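Inspection log for the structure reproduced underneath, given as structure tokens.
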Amino acid sequence: MKGKKEKTLAMLVSGSYRLGEIAQELKISEKTLYNWRQDEEFESELRRRLNIKMGTLAAKALQTQSELLNSRSDMVKHLAAKDLLDRAGYAPDENVNIKGPEPVTIINNIPRSDSDE
């Protein structure tokens, strides 16, 4: 990529500009930007650059989460630990499996209030 397309890619990856600002800065129409975004080669290059940026940010994000495990707040520590475990594939199983030699019978013996009738 060369010229204005190259600058557009850099501006998009920075995340600091809206499309209208890019068009104004580079003196091109928003329609031109739209057309470039429809181009497979342009979009492929944009995705490639965003993936590189995300890779560099991921290490920093992981370090931040790790540091939060030492927070004074139990809630912050809990949320950091939960997030790290979830992302590592250790999310809790949502299903409750009850197994035993006999079928399980659930008895609801909570009294109903007058408003439930």
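The values are calculated or read from the model by the stated rules, or taken from the named source; none is laboratory data. Because the structure is a prediction, the values reported are computed rather than measured. Quick reminder, even Gly has a Cβ in these numbers, built from the backbone with ideal geometry, and neighbours come from all protein chains shown.
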Unique residue being at pLDDT 95 or above, out of contact with any strand residue (DSSP E or B) (no Cβ under 9 Å at 6 or more places or on another chain) and of a type in the set (A, V, I, L, M, F, W, C) when the list is L84, L46 = L46
task = Tally the residues that are of a type in the set (A, V, I, L, M) and modelled with pLDDT of 75 or more, restricting the search to the stretch 87-117.
result = 5
note = Conditions (1) part of a helix (DSSP H, G or I); (2) surrounded by fewer than 12 Cβ atoms within 10 Å (Cβ to Cβ) -> R72 fails only (1)
ask   = Which condition does G100 not pass, out of (1) assigned to a helix (DSSP H, G or I); (2) free of Cβ contacts under 8 Å to residues at least 12 places away in the same chain, if it passes all the others?
value = (1)
